[in-house]
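Read the structure below first, then the notes.
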Amino acid sequence: MIQQEWPLWEVFIRSKQGLDHKHVGSLHAADAAMAMQNARDVYTRRLEGVSIWVVESRHIHASNPDEAAEFFEPAADKVYRHPTFYDVPDSIKHM
Amino acid sequence: MATPDLSPAQLAAPTYPAELRSQLFQYVVQLADTSLILAHRLSEWCGHGPVLEQDLALSNIALDLLGEARSYYQYAAELEGRGRTEDDLAYLRSAVEYRNPLLVEQPNGDFAYTIVRQFLFDNFHYQLLKELKAGPDARLAAIAEKSLKEAAYHLKWSSEWLIRLGDGTPESRRRLDKAIAALWRFAGELTTPTPGESHLQELGLVPDYAALLPAMQAHVAHVLAEATVPLPTAPVAQLGGKTGRHSEHLGYLLAELQYLQRTYPGLTW
């Protein structure tokens, strides 16, 4: 099958309202130009976006799910890292 | 589906004299038939594309062309002014009444066939729409303006695929060469005016094909060079479709496209 010969790409789309590109899915393509066109055809058919990023999946390094405990749980009891202990003066708007 | 966003002024059928009106009707029907038949051919790929991504790309292009065809049929029905609707024009005319050029009714073949057929059409379609958009008929100009963005993408897509197939593997090249040998002869009809088209061109109402040719030829030369494919020697153009003399393929295509309306007249969703 051709699909097994074409590398996998991850697709990120920025919507009209959004400021950031969000991961929307993946696809197969022979190179970046084809990945861009495929992303346009597969993921922006319903006006989902105004900007597309594609990156080959092999360039993404992911955290190891087995290390989730040591990676993330230590942050759970560090409430002082949230800026919630300040009294915001009434005159400060938009906080 | 709704008519594309056109202003009331653009929607009003222009007041052409009766004879001109009927000639323009023929021309607009030809534009409509061409987009509809190619849309139908491309829709035959749906669920059969070589990969999911291209299956969707082919369906997207088919839907773009179908939308364009509908706009033309609606305009044609108004120009005719005999109470026929877009559906009557699409579903209740026989093969000899269809006016699409032979190229677009050619079977899909393999992916290379589909790409060569698409490339030859897109290259013409894009240049034609650019001229139509600047033309004197407000309705055609409005339809062309909407379709031009779509056609620009179609041309980019088919050009890049032609380059990939030509400059790809020995097998892709073999298939591309075969498709070019089979289909190139149908390109000439696109820019060979019928007597009716010549008349409208002389009046300046529709684009003169001679004016499209330099840009079309330049793009073909550029894409084939990138694809490392030698420019085919111009074969004798195979004409006929635009005057109703079609290949046998169109009858089978229409049998499928029109089956429901022919079997259950007036059927709606």
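Largest first and in whole Å, the equivalent-ellipsoid semi-axes of region B:16-263 read 29, 21, 16, each the square root of five times a Cα gyration tensor eigenvalue. Extent of region B:72-184 along its three principal axes (Cα atoms, max minus min coordinate, largest first): 55, 32, 17 Å.
Between B:Y264 and B:K149, the simple label model (points 7 Å from Cα in the Cβ direction) yields a spacing of 3.6 nm. The angle between the Cα long axis of helix A:32-43 and the main principal axis of chain A comes to about 70°, on a 0 to 90 degree scale. Taken over region B:18-147, the convex hull of the Cα atoms encloses 105 Å³ per residue.
In loop segments of region A:15-95 as defined by DSSP, the chymotrypsin sites (Phe, Trp or Tyr not before Pro) with at most 12 further C-beta atoms inside 10 Å of their C-beta are A:F85, A:Y86. Protein heavy-atom accessible surface, 1.4 Å probe, per residue over region B:138-202: 42 Å².
Charges were assigned to the Cβ only: +1 to each Lys and Arg, -1 to each Asp and Glu. The resulting dipole of the protein assembly as shown about its Cα centre is roughly 740 debye. Dividing the summed helix terms, -39500 (n - 2.57) for each DSSP H run of n ≥ 4, by the number of residues in the protein assembly as shown produces a 222 nm estimate of -17500 deg cm²/dmol to the nearest 500. Note on A:K78: lysines with a C-alpha under 30 Å away, same-chain residues under 8 apart excluded, are A:K22, A:K93. Each Lys and Arg contributes +1 and each Asp and Glu -1, all at the Cβ; summed about the Cα centre of region B:16-263, the dipole is approximately 200 debye.
Spacing of the modelled spin labels on A:K16 and B:S22, each 7 Å from Cα toward Cβ, amounts to 4.6 nm. Applying both filters, DSSP loop and at most 14 other Cβ atoms within 10 Å, to the trypsin sites (Lys or Arg not before Pro) of region A:1-64 gives A:K16, A:R45, A:R46. Remark on region A:8-47: accessible area falls by at least 30 square angstrom from chain-alone to full-complex state for A:M34, A:Q37, A:N38, A:R40, A:D41, A:V42, A:R45, probe 1.4 angstrom.
For the protein assembly as shown, the spread of Cα positions along the three principal axes, ordered from largest to smallest, is 84, 59, 45 Å. A drop of at least 10 square angstrom in accessible area, chain alone versus all protein chains together, probe 1.4 Å. Which residues of region B:43-60 meet that? Buried by 10 Å² or more upon assembly, which counts only protein chains, are B:P50, B:V51, B:L52, B:E53, B:Q54, B:L56, B:A57, B:N60.
In this rough spin-label picture, where each label sits 7 Å from Cα along the Cβ direction, the B:T233-A:L47 distance is 5.3 nm. Only Cα sites of region B:152-212 enter the Debye sum here, all with the same form factor; the resulting log10 I(q)/I(0) across q = 0.13, 0.28 1/Å is -0.54, -1.08, listed in q order.
On chain B, 58 percent of the accessible area sits on carbon and sulfur atoms, based on a 1.4 Å probe.
Let's test the formula: R0 of 22 Å, r as the Cβ-Cβ distance of A:R81 and A:H61. What FRET efficiency results, to the nearest 0.05?
Numbers: r = 25 Å, r/R0 = 1.13.
Once rounded, the FRET efficiency stands at 0.30.
With unit charges on the beta carbon (Lys/Arg positive, Asp/Glu negative), name the residue among B:F25, A:P89, A:A62 whose Cα is farthest towards the positive pole of the charge dipole of the protein assembly as shown. Sorting the options by dipole projection puts first B:F25. For the modelled label position 7 Å from the Cα of B:L52 along Cα-to-Cβ, which residues of region A:44-68 have backbone nitrogen atoms closer than 14 Å? Of the residues in region A:44-68, A:44 have backbone N under 14 Å from the label point off B:L52. Between A:E70, A:E48, A:E56, the Gaussian network model of chain A with springs among Cα atoms under 10 angstrom shows the greatest mean-square fluctuation at A:E70.
Take the Cβ atoms of A:H23 and B:D167, set R0 to 30 Å, and the FRET efficiency comes out at 0.40.
The mean sequence distance of close C-alpha pairs (under 8 Å, at least 6 residues apart), as a share of the length of region B:16-263, puts its relative contact order at 25 percent.
Comparing B:A95, B:A141, B:A218 in a Gaussian network model of chain B (Cα springs below 10 Å), the most mobile by mean-square fluctuation is B:A218. Using Stokes-Einstein with the Kirkwood hydrodynamic radius over Cα pairs, what translational diffusion coefficient do you get for chain A at 25 °C and a viscosity of 0.890 mPa s, in µm²/s rounded to a whole number? So the translational diffusion coefficient is about 145 µm²/s.
Please give the FRET efficiency for B:E256 paired with A:M36, using the beta carbon to beta carbon distance and R0 = 35 Å, rounded to the nearest 0.05. Efficiency computed from Cβ-Cβ geometry: 0.55. Placing +1 on each Lys and Arg Cβ and -1 on each Asp and Glu Cβ, with no other charges, gives chain A a dipole about its Cα centre of roughly 580 debye. Put simply, chains A and B cover up around 1400 Å² of each other's accessible surface, both sides summed, when a 1.4 Å probe is used.
For chain B, lysine pairs separated by 8 or more sequence positions, or belonging to different chains, with Cα-Cα distances below 20 Å total 7. Full extension of the chain between B:L63 and B:H249 yields a length gain of 64.8 nm, computed as 0.36 nm times the residue separation minus the alpha carbon distance.
Across the protein chains, with a 1.4 Å probe defining accessible surface, the residues A:V54, B:V236 rank B:V236, A:V54 from largest area downward.
The values are calculated or read from the model by the stated rules, or taken from the named source; none is laboratory data. This one's a predicted model, so the numbers in the text were calculated from it and none came from an experiment. Every residue, glycine as well, gets a Cβ built from its backbone with ideal geometry; the counts of neighbours run over all protein chains shown. Only protein heavy atoms, including side chains, enter the accessible area calculation; ligands, DNA and RNA are left aside. Shrake-Rupley method; radii C 1.70, N 1.55, O 1.52, S 1.80 Å.
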